[in-house]
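Participant: Provided herewith is a single structure, encoded as structure tokens, for subsequent inquiry.
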Amino acid sequence: MPKNKQVMKITAFQKGFYLILTYFITTHFATAQAEAINVKQDSRFEQILNEKRKVSTNSTINDRYKIQIFSGESDKAKTNLATFRQEYPGIDGTIVFFTPNYKVWVGNFKTRIEAEQLLLEIKKRYPMVHLIKPSR
């Protein structure tokens, strides 16, 4: 009887040894591709990515106030934004589409007071303006 127990221990030891040996052999010979990968990227990709970054930074600021100076057709929105940019070159502006209208939003104010100060000035030129706090 003692001989059988001793034989079983050796067999269990051998199984463990062979299992570990197999593991090391397979991991040693299993390697990933060693070739370098060359990605051909369209030259316009970086330009589009930069535009996306600009849009993302503008739309992620939800706690800011903006002034809406126009709501209507696309062409008129573009014209209003271009005119506004000429009159107020230091203030950022963007066109946002909400079905069925294009809206021109200008400014990016931390406080309502800052926004209202510009609103009073802009109201002389754009009578249909109003203060908004966009949420996305």
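The values are calculated or read from the model by the stated rules, or taken from the named source; none is laboratory data. What you are looking at is a predicted structure, and each value in this text was computed from that prediction instead of being measured. Cβ: placed from backbone, ideal geometry, glycine included. Neighbour counts: every protein chain shown.
Participant: Ile37 - would you say it is closer than 17 Å to Leu131 by Cα and exposed (fewer than 10 other Cβ atoms within 10 Å of the Cβ)?
Facilitator: Against the criterion (closer than 17 Å to Leu131 by Cα and exposed (fewer than 10 other Cβ atoms within 10 Å of the Cβ)), Ile37 does not qualify.
Participant: For the range 34-75, which residues satisfy the criterion of being within 30 Å of Ile113 (Cβ to Cβ) and modelled with pLDDT of 90 or more?
Facilitator: If the condition is that a residue be within 30 Å of Ile113 (Cβ to Cβ) and modelled with pLDDT of 90 or more, then Tyr65, Lys66, Ile67, Gln68, Ile69, Phe70, Ser71, Gly72 are the ones that fit.
Participant: Could you list, in sequence order, the residues of the range 86-115 that are surrounded by 14 or more Cβ atoms within 10 Å (Cβ to Cβ), β-branched (Val, Ile, Thr) and assigned to a loop (DSSP other than H, G, I, E, B)?
Facilitator: Within the range 86-115, Ile91 is the sole residue that qualifies.
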